[in-house]
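Student: One structure follows; several queries about it will come next.
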Amino acid sequence: MKKVLLLSALLVVSAVSGPGKAAADQQPEMIVEKMAIKFTRGITNVVTSVIELPKQTVLTSREMGGAGMIVGPIKGVGMTLYRGAIGVVEAFFCMVPQPGYYDPMMEPAYVWQGWEPRRDTSKAAGDEK
């Protein structure tokens, strides 16, 4: 019983002290800057989330042709809600270094990124004639 109690206490101490050591290596200015970037990214995603509607329509039309004009707006509504919700979470929890030490919670991080057409990777390099 004492071994189990001692082992669990040791695990709790190591779990609590581990993240503090990693954060101690960073300068306070760097941490505050990353918090500010996360907050700004969140607010920006909330404000610009409505651009997902035309973006998804354009991207889906490129992929699917005429059917993309029907499927694209549906995807756009879903992505508008998703980007807006992610923006609220990032802005509200800007002081929390998750996920991955203030990294964006979604890719692309902003709505104006990712408009490029996808490359066709279905063909192998030797198949082209």
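Student: Tell me yes or no: at least one residue of the stretch 77-93 is of a type outside the set (Phe, Trp, Tyr) and in contact with a Lys or Arg (Cβ under 6 Å, 6 or more places away or on another chain).
Tutor: yes
Student: Can you pull out the residues in the stretch 71-104 that are outside any helix (DSSP H, G or I) and touching a Phe, Trp or Tyr at 6+ places or on another chain (Cβ under 8 Å)?
Tutor: If the condition is that a residue be outside any helix (DSSP H, G or I) and touching a Phe, Trp or Tyr at 6+ places or on another chain (Cβ under 8 Å), then Cys94 is the only one that fits.
No lab work stands behind these numbers, since they all come straight from the coordinates. Treat the numbers as computed from the prediction; the structure is a model and nothing was measured. Virtual Cβ from ideal backbone geometry, glycine too; neighbours counted across all protein chains shown.
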